[in-house]
Amino acid sequence: MTLHSRITGTGSHLPPRRVTNADLVAQLAEGGIETSDQWIVERTGIRARHFAADGVQCSDMALDAARHALKAAGRDASELDLIIVATSTPDMVFPSTACILQNKLGANGCPAFDVQAVCSGFVYALTVADAMVRAGSARCALVVGSEVFSRLLDFSDRTTCVLFGDGAGAVVLEASETPGILASDLHADGKHVGILCVPGHVAGGVASGDPFLKMDGQAVFKLAVGLLEKSARATLEKAGIEAADVDWMVPHQANIRIMQSTARKLHLPMEKVVVTVDQHGNTSAASIPLALDHAVRAGQVQPGQTVLLEGVGGGFTWGSVLLKM
Ligand code: UT7
């Protein structure tokens, strides 16, 4: 019998502090930085984002999202035999946020590690977990995307600081006789390192280099729209499924215009696209599981439906996963 992996529960966390465009416009104006709600909405679709309070760590948000996902799956943390956290904003340089999360969950003993693929992180982590479940090395995995991107933002750079937010999303992925994850497709091209990066590093006991996020937005935009369509088509082909048979697309939530473009290229109506970027901004590796959980809890994404996840981010990295809920 072929072994498959299937999502059995989803969960998410948003920090309580919601920052609207108007709030951000006012905050930036104090520092002499000019932006507007109109610019942000027209260019990105973002209306609000959540920022974590000082002292709240990536693992804290991951913990809350994980608890919700475990509850939805009807599982106890002690049943987990694999934990993967996708993040670019870990609690520490090391150990991994996955190890810190494991201890907070009281699931000590199972393998736990982080995946760093920036905004494609969740798609990468889910693909790795699926492979481990299908290989028989795990039966009940927790896959989390959690980010405190607000800590990387330069609030004197209006081209980036209006785009990102904080949050976490999680899924429980279990061994199953019926197919859940149908196919996936992952890529990276390191020649694009410079277009989206945080160039800082720790050396000699001090953070050196630039510790803030840098992005060539137009270059990222252009690459994203081409690569996402290509990856989605590759995944659909591997699974032998037509785009028309996809019930929902849950894309990385970076920019509504990128999502609209991908949907148009795949001939998917926007009614089939889960959109949370308006309320969450870009939460990097957290955006896909956050959006998925919101869609599940809103009764949009239903058991048995076919869902296409796709993400793109720093590296450059990109990929997609097709699954049955
Ligand atoms: O999560 C990883 C993936 N990341 C992404 O997918 C992001 C991809 N890129 C984008 O989403 C878009 O490129 C942005 C939203 C970042 C920028 O939108 P754009 O339509 O590419 O704008 P632009 O960079 O071409 O800038 C247009 C104008 C510029 O002014 P000039 O040179 O035309 O006078 C900018 O200086 O908008 C100006 N601008 C702003 N104005 C008001 C840039 N940021 C702002 C701002 N408020 N916050």
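What value, in deg cm²/dmol to 500, does the helix sum -39500 (n - 2.57) over DSSP H runs of n ≥ 4 give at 222 nm once divided by the residues of the chain? Can you show the working numbers first?
On the way: 10 runs with 109 residues, N = 325.
Value at 222 nm, helices only, nearest 500: -10000 deg cm²/dmol.
Can you give the accessible area of HIS187 in Å² (nearest 10), computed on protein heavy atoms with a 1.4 Å probe?
Here the accessible area works out near 70 Å².
Send over the semi-axes of the range 181-324's equivalent ellipsoid, whole angstrom and largest first, taken as the square roots of 5 times the C-alpha gyration tensor eigenvalues. List each step's numbers first, then the result.
Values: eigenvalues 171, 55, 38 Å².
Taking √(5λ) for each Cα gyration eigenvalue gives 29, 17, 14 Å.
Identify which of GLY165, GLY31, GLY281 has the largest mean-square fluctuation in a Gaussian network model of the chain, with springs joining Cα atoms closer than 10 Å.
Top of the fluctuation ranking is GLY31.
Give me the net charge of ARG139's neighbourhood, meaning all other residues with Cβ under 13 Å from the Cβ of ARG139; Lys, Arg count +1, Asp, Glu -1.
Spelling it out: positives minus negatives among the neighbours equals -2.
Obtain the nm distance between the two label points defined at ASP245 and GLN260 by a simple spin-label model: each point lies 7 Å from its Cα along the Cα-to-C-beta direction.
Each label point lies 7 Å from its Cα, and together they span 3.0 nm.
In the full protein assembly as shown, how much of THR317 is accessible to a 1.4 Å probe, in Å² to the nearest 10?
That residue has around 10 Å² of solvent-accessible surface.
I'd like the accessible area for ILE181, computed on protein heavy atoms only with a 1.4 Å probe and all protein chains in place. Round to 10 Å², please.
So the heavy atoms of ILE181 present about 10 Å² to solvent.
Below 8 Å between Cα atoms, with a sequence gap of 6+, how large is the relative contact order for the range 240-325 in percent? Walk me through the intermediate numbers first.
Details: 124 pairs, mean separation 29.3, N = 86.
Over the range 240-325, the number comes to 34 percent.
Keeping the other protein chains in place, figure out the carbon and sulfur percent of the accessible area of the range 104-211, with a 1.4 Å probe. Write out the running numbers ahead of the final one.
Working: 2360 of 4160 Å².
Here it works out to 57 percent.
Using the Cα atoms of the range 233-286, I'd like the radius of gyration and the largest Cα-Cα distance, Dmax, both in angstrom.
Spelled out, the Cα radius of gyration and Dmax of the range 233-286 are 11.7, 34 Å.
Rounded to the nearest 0.05, what FRET efficiency is calculated for VAL206 and MET270 with R0 set to 45 Å and r the Cβ-Cβ distance?
On the way: r = 47 Å, r/R0 = 1.05.
Efficiency, rounded to the nearest 0.05: 0.45.
Averaged per residue, what accessible area in Å² does the chain show with a 1.4 Å probe, protein chains only? Could you put the intermediate results ahead of the total?
Numbers: 13260 Å² over 325 residues.
Computed with neighbouring chains in place, this is 41 Å² per residue.
List, largest first, the extents of the alpha carbons of the chain along their principal axes, each in whole Å.
63, 47, 38
Any chance you could run the full-extension gain for ASP157 through LYS230? It's 0.36 nm times the residue separation minus the Cα-Cα distance, nm to one decimal. If you can, show how the numbers build up before the last one.
Values: separation 73, 0.36 × 73 = 26.28 nm, distance 3.17 nm.
Here the segment from ASP157 to LYS230 would lengthen by 23.1 nm.
Could you work out the pair-distance distribution P(r) of the range 4-176 from its alpha-carbon pairs, with 10 angstrom bin width and percents rounded to whole numbers?
11, 36, 28, 17, 7, 1
In a shell of Cβ-Cβ distance under 11 Å around ARG49, excluding ARG49 itself, what net charge do Lys and Arg (+1) and Asp and Glu (-1) give? Before the final figure, lay out the partial values.
Details: positive: ARG17, ARG18, ARG47; negative: ASP23, ASP166, ASP278.
Residues close to ARG49 contribute a combined charge of 0.
Under a plain spin-label model, where a point goes 7 Å from the Cα along Cα-to-Cβ, how far apart in nm are MET92 and ARG297?
3.0 nm
When only DSSP loop residues count, what GluC sites (Glu not before Pro) in the range 17-103 have their Cβ near at most 11 other Cβ atoms within 10 Å? The partial results should precede the final answer.
Values: sites: GLU30, GLU34, GLU42, GLU79; in loops: GLU34.
Loop-located and lightly packed - GLU34.
What is the projected area of the convex hull of the Cα atoms of the range 148-238, averaged over all directions, in nm²?
Values: hull surface 36.8 nm².
Mean shadow area of the hull around the Cα atoms is 9.2 nm².
With springs only between Cα atoms under 10 Å apart, run a GNM on the chain and tell me which of VAL220, VAL202, VAL144 wobbles the most.
Of the options given, VAL202 has the highest mean-square fluctuation.
The values are calculated or read from the model by the stated rules, or taken from the named source; none is laboratory data. Worth saying up front: this structure is predicted, and the values here are computed from it rather than measured. Ideal geometry is used to build each Cβ from the backbone, glycine not excepted, and the neighbour counts take in all protein chains shown. The accessibility values were calculated without ligands, DNA or RNA, using every heavy atom of the protein model including side chains. Shrake-Rupley method; radii C 1.70, N 1.55, O 1.52, S 1.80 Å.
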